[in-house]
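*Asks:* Take a look at this one; I'll ask things after.
Each reported figure results from applying straightforward, stated rules to the coordinates on display, with no laboratory input. Note that this is a predicted model, so its numbers are computed, not measured. So basically every Cβ, Gly included, is an ideal-geometry build from the backbone, and we count neighbours across all protein chains shown.
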Amino acid sequence: MKIRFLWLLSCFCALVFLIGARPAAGTIGYKISLKDPEKHIFQVSMTIPQPAPQTKIAMPAWNALYQVRDFAYRIRDVQVSSLPEPGAPGENMPVRKLDKQTWEIVGGKWAGVVSSLMVRYSIFWDDAGPFNSQLNSRHAFVNFAEVLLYVPDRRSEDTTVEFDDVPASWRTIAELPPGTAPNSFKAVSYDTLVDAPAELGKFEEFGFDEGGAHFRVVVDAKEWRRDRLEDYLRHITAYELRLMGGPPFHEYTFLFHIGPYSESGGGGMEHANCTAIGSSSTESAITTAAHEFFHAWNVKRIRPQTLEPVDFTKEQYTRALWFAEGVTNTYASYTLERSGIWPKERFYADLAAQISELDSRPAHRWQSVEESSLDAWLEKYDEYRQPERSISYYNKGQIVGEMLDLAIRNATDGRKSLDSVMTRMNETYAKQGKYYDDSDGIRAAAEEVAATSLDDFFRRYVAGTDEIPYDKFLEPAGLELKVEMHNMADLGFWTTGGRAGGSTVAVSQIVPGSSAEAAGLLAGDVLLELNGETVPPFLSGWVRQHAPGEIVKLRVLRDGKVLDLSFALGSNETKKYSISEVGHPTDTQKRIREGWLRGTVN
């Protein structure tokens, strides 16, 4: 018995020795210097503990947008040195580039001798958020995946990031635990770190508590309405928290850049516990916030399997963006109406505008919303975004979401709804750390809720390109779709550029016979001013606010010369849809409609 005990003890000691002798996973640390804000250059140092032979480092090829943007082209001067045991001299290490975004640190002889490696490089960024990063004399906004290299096989290790040379008057914020040093943060992995952007500058901040969570609101703006922003954010967060059964976080941060599009970009970017939003005004910031906050559930936690795990090296295809983004649009409109921010008339007008947009794009006859989801990676190409080439999964996804909701309410006599589908998916997938199987997973959840087959709906309107019979879905709610022909303003030309990347807006094609052609506008002209103001990146929205015959004054750059041109906007006959309530609805129609508008079931 004693011999067996000694044998077991010796085995245990050997096991302890082996475990203790194995190098522990270290903390990968980053320092980001802001000493060159006027040059828009982040100086980065990265410490890699316990390096393996031929350690590889890489820069993500994409982040924030479903676009391969190759952030590595911004990197300069990658240098690596050893950090040996205390008392031993360090040395520069050879680095070999393997592809456009990956480097290998060569030197197998030092494995086990060098305790850490120091990687140094600089990276240029001066593009407005929320999809980019920026460093200038006014502030810094950092999407970490666009600035920080990573070790591909060590993404799951603890990380820290510290900002150096921060101007004395600036503050630093990110939805991450604070580190031990000033202006520093920590995360349990690289993926967690890069899912929480940082803002540094002279921003304003306030907070509030809602539904069991604390909310921080950070605003970088010239002009904004705090009272209005706070009141509406309280309404938005209260409704969506109540709908989804409470917060999946203890704290959440809204990062707002509010100002002209030329200064702050436009749109919003979702993260697990925060969002970054660029907007031209407080009002549009609120609309975006309703969408981005719902992403805390839909796509960040209720997530398609095709997006997991994240692959930073190449495109990651999914057929489910119509649900992840489009149905999030559905819930943005629901939130704004059901929380009282929008009257129901605006809610109807928003849905009608979405239908008008889809109908105006000839591509809706041959590109399904699933195919639009798959093709998201083509959106960086201006030609792809033309109406004759593609539809938007945001646009049609929102419409499909609202029609699916009405179909479920009709099938269950108002006892179930799309809300029931979302909460079921939250319980089945998000809270159990599971992922759904693209459209098939969504259909399965919807059929469980509706207790009927929805194969025809998904086959025709999600996977297929059949025209949506709107009256079929609207009629059970006592609603009808009306159409009128309208003369809409037409620029007479198409443009490229001016999107999230901050590029200039240039003329790509002239409509033959248009007044723009008669005025002498040419393909290749760079637009400098429109009616004396900065050219907006989304000209289609600008055109909708003007009438045929209005005079347009353009300042363009052609062959190094500045030219002024003017012409009258042309006209284009288009369909304009509207949604109205029928005159004498039945009790059932009124009940289903009220449930739809209020977000209730029988």
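*Asks:* Rounded to the nearest 0.05, what FRET efficiency is calculated for THR504 and GLU550 with R0 set to 22 Å and r the Cβ-Cβ distance?
*Replies:* Working: r = 24 Å, r/R0 = 1.09.
Once rounded, the FRET efficiency stands at 0.35.
*Asks:* So if each residue of separation counts as 0.36 nm, and I subtract the Cα-Cα distance between THR586 and ALA568, what length gain in nm does that give?
*Replies:* Gain on extension, THR586 to ALA568, equals 1.6 nm.
*Asks:* Another question about this same structure. Under 8 Å for C-alpha pairs, at least 6 residues apart: give me the relative contact order for the chain, rounded to a whole percent.
*Replies:* Numbers: 1229 pairs, mean separation 60.9, N = 602.
The normalised contact order for the chain reaches 10 percent.
*Asks:* Okay, moving on. For LYS575, go through the aspartates and glutamates and keep the ones whose alpha-carbon is under 18 Å away, minus same-chain ones fewer than eight residues off.
*Replies:* Hits, sequence-local ones excluded: ASP350, GLU357, ASP359, GLU388, GLU467, ASP471, GLU480, GLU484, ASP490.
*Asks:* Ok, one more. Quick one: Karplus J couplings for segment 383-395, per residue in order, coefficients 6.51, -1.76, 1.60, θ = phi - 60°, nearest Hz, x for Gly and Pro?
*Replies:* My calculation for segment 383-395 gives 4, 4, 7, 5, x, 7, 10, 8, 10, 9, 5, 5, 5 Hz in order.
*Asks:* So what does the Cα-only Debye profile of segment 203-295 read at q = 0.13, 0.15, 0.16, 0.21 Å⁻¹, as log10 I(q)/I(0), no solvent term?
*Replies:* Debye intensities relative to I(0), on a log10 scale: -0.37, -0.50, -0.57, -0.98.
*Asks:* Helix-derived [θ] at 222 nm for the chain: sum -39500 (n - 2.57) over DSSP H runs of at least 4, divide by residue count, nearest 500?
*Replies:* It lands at -8000 deg cm²/dmol.
*Asks:* Which angle from 0 to 90°, rounded to the nearest 10, does the C-alpha axis of helix 587-598 make with the longest principal axis of the chain?
*Replies:* Here the helix axis deviates by roughly 40 degrees.
*Asks:* Give the dimensionless ratio obtained when the Cα radius of gyration of segment 78-221 is divided by 2.2 N^0.38 Å. The partial results should precede the final answer.
*Replies:* Values: Rg = 18.1 Å, N = 144, 2.2 N^0.38 = 14.5 Å.
With N residues counted in segment 78-221, Rg over 2.2 N^0.38 Å equals 1.24.
*Asks:* Semi-axes of the equivalent ellipsoid for the chain, please: Cα gyration tensor eigenvalues, times 5, square-rooted, ordered largest first, whole Å.
*Replies:* Semi-axes, largest first: 46, 34, 22 Å.
*Asks:* If you place +1 on the Cβ of every Lys and Arg, -1 on the Cβ of every Asp and Glu, and leave all else neutral, what size is the dipole of segment 492-568 about its Cα centre, to the nearest 20 Debye? Intermediate values should be presented prior to the final figure.
*Replies:* On the way: 6 positive and 7 negative charges, 27 e Å.
So the dipole magnitude of segment 492-568 works out to roughly 140 debye.
*Asks:* My understanding is that a pair violates if its Cα-Cα distance is over 23 Å; which of LYS314/LYS431; LYS344/LYS472; LYS39/LYS186; LYS222/LYS553; LYS396/LYS576 do that in this structure?
*Replies:* LYS314/LYS431; LYS39/LYS186; LYS222/LYS553
*Asks:* Could you point to the residue in THR335, VAL166, THR180 farthest towards the positive end of the chain's charge dipole, with +1 and -1 charges on the Cβ of Lys/Arg and Asp/Glu respectively?
*Replies:* THR180
*Asks:* Which distance in nm do the two modelled labels at VAL526 and GLU484 give, with both placed 7 Å along the Cα-to-Cβ direction?
*Replies:* My value for the distance between the label points is 4.3 nm.
*Asks:* From the phi angles alone, apply the Karplus equation (6.51, -1.76, 1.60; θ = phi - 60°) to segment 440-446 and give each ³J(HN,Hα) in whole Hz, x where the residue is Gly or Pro.
*Replies:* 5, x, 5, 4, 4, 5, 5
*Asks:* Name the long-range amide H neighbours of LEU528: under 5 Å, sequence gap of 5 or more, or other chain; modelled H, no Pro or chain starts.
*Replies:* For LEU528, the qualifying residues are ARG555, VAL556, LEU557.
*Asks:* Quick one: check the C-alpha center-to-center distance for segment 357-395 versus segment 114-147, whole angstrom.
*Replies:* Answer, in whole Å: 32.
*Asks:* Moving to a separate point now. Quote to one decimal, in nm, the extra length available between ASP77 and GLU315 on full extension: 0.36 nm per residue of separation minus the C-alpha distance between them.
*Replies:* Stretched out fully, the ASP77 to GLU315 stretch lengthens by 83.0 nm.
*Asks:* Show the residues, 5+ positions off or on another chain, whose built amide H is closer than 5 Å to the amide H of GLU270.
*Replies:* none
*Asks:* Could you tell me what a quarter of the Cα convex hull surface of segment 492-568 works out to, in nm² with one decimal place?
*Replies:* 4.9
*Asks:* Quick one: which residues, 5+ away or cross-chain, put their amide H under 5 Å from the amide H of MET93? H built at 1.01 Å from N.
*Replies:* Under 5 Å from the amide H of MET93 lie the amide H atoms of VAL80, SER81, SER82, each far enough along the sequence or on another chain.
*Asks:* Follow-up. Sorting check: for 365-372, 315-322, which peptide has the highest mean count of neighbouring beta carbons within 10 Å, and how do the rest follow?
*Replies:* Per-residue Cβ counts within 10 Å, averaged per peptide and sorted highest first, yield 315-322, 365-372.
*Asks:* Also: Quick one: Debye curve from the C-alpha atoms of segment 451-602, no solvent, what's log10 I(q)/I(0) at q = 0.11, 0.21 Å⁻¹?
*Replies:* Values returned for q = 0.11, 0.21 Å⁻¹ are -0.67, -1.25.
*Asks:* Using θ = phi - 60° and the Karplus relation 6.51 cos²θ - 1.76 cosθ + 1.60, list the HN-Hα couplings for segment 414-430 in order, rounded to whole Hz, with x at every Gly or Pro.
*Replies:* Result, rounded to whole Hz: x, 8, 9, 7, 5, 4, 5, 5, 5, 5, 5, 5, 5, 6, 6, 10, 4.
*Asks:* Compute the length gained on full extension between GLU204 and LYS39: take 0.36 nm times their separation in residues and subtract their Cα-Cα distance, giving the result in nm to one decimal.
*Replies:* So the chain would gain 56.9 nm between GLU204 and LYS39.
*Asks:* Among rounded, prolate and oblate, which fits segment 32-92 when a ≥ b ≥ c are the square roots of the eigenvalues of its C-alpha gyration tensor, a/c under 1.5 means rounded, and a/b larger than b/c means prolate? Provide the component values of the computation, followed by the final result.
*Replies:* On the way: a/c = 2.96, a/b = 1.55, b/c = 1.91.
Cα axes put segment 32-92 in the oblate bin.
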